[in-house]
Amino acid sequence: PRDEHTPVVVGVGGSQHSRLAVRHAAVAARTRNAPLHLLMVISAFEDWGGSSMSWMPDPELMERHRRELAAQLEADAEALRAEHPGLRITSEAILAEPVSALLDARDGRVASVMLGSISQAVLQHAEGPVLVVPPLGAGA
């Protein structure tokens, strides 16, 4: 049992498909009278693995990039607040491993994620409901 303080969590990436997932999550949040939390996860350089280990990005550069994305995400959240007055919307951009971050944020009722390897992993490990938004035009 969840209460009205338990957010709907949506994984955000910045693509058109991501914007569609955010729209679905906003409707899910309004329907449940729950807050909406926009979560952008940037893979931490420790998680890059493989051949990319020969080149490690500057941690300060990664943090600057995260702050820039967080500012853009907050601007997107502000626009969404104007479209959905009364809907409590928070945003966060973090450096982390995406699947773990989405699962850790899953104190929420629904994680709206885009179809792909991350959403499949979240589906397999989530302990609550998950909404997967397929790409526009996918399937018949």
Look through region 84-98, keep the residues that are in contact (Cβ under 8 Å) with a residue 12 or more places away in the chain and within 23 Å of Val27 (Cα to Cα), and return whichever of them is surrounded by the fewest Cβ atoms within 10 Å (Cβ to Cβ).
-> Thr90
Go through Glu68, Glu46 for me and flag whichever is open to solvent by 40 Å² or more (accessible area, probe 1.4 Å) and modelled with pLDDT of 90 or more.
-> Glu68
Per the filter on region 1-41, residues free of Cβ contacts under 8 Å to residues at least 24 places away in the same chain and β-branched (Val, Ile, Thr) are Val27, Thr31
Would you tally the residues in region 121-132 being at pLDDT below 75 and either open to solvent by less than 30 Å² (accessible area, probe 1.4 Å) or among the β-branched types (Val, Ile, Thr) (or both)?
-> 4
For residues that are touching a His at 6+ places or on another chain (Cβ under 8 Å) and modelled with pLDDT of 70 or more, scanning just region 99-120, find the one that is farthest from Ala26 (Cα to Cα).
-> Val99
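Table: residues versus (1) of a type in the set (Lys, Arg); (2) modelled with pLDDT of 90 or more; (3) open to solvent by 90 Å² or more (accessible area, probe 1.4 Å); (4) out of contact with any helix residue (DSSP H, G or I) (no Cβ under 7 Å at 6 or more places or on another chain).
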residue: Gln16; (1), (2), (3), (4): no, no, yes, yes
residue: Ala21; (1), (2), (3), (4): no, no, no, yes
residue: Ala26; (1), (2), (3), (4): no, yes, no, no
residue: Ala29; (1), (2), (3), (4): no, yes, no, yes
residue: His37; (1), (2), (3), (4): no, yes, no, yes
residue: Ile42; (1), (2), (3), (4): no, no, no, no
residue: Ser54; (1), (2), (3), (4): no, no, yes, yes
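The values are calculated or read from the model by the stated rules, or taken from the named source; none is laboratory data. Because the structure is predicted, anything quoted here is derived from the model rather than measured. Cβ atoms come from the backbone with ideal geometry, glycine included; neighbour counts cover every protein chain shown. Just the protein is used for accessible areas: all its heavy atoms, side chains included, with ligands, DNA and RNA removed. Shrake-Rupley method; radii C 1.70, N 1.55, O 1.52, S 1.80 Å.
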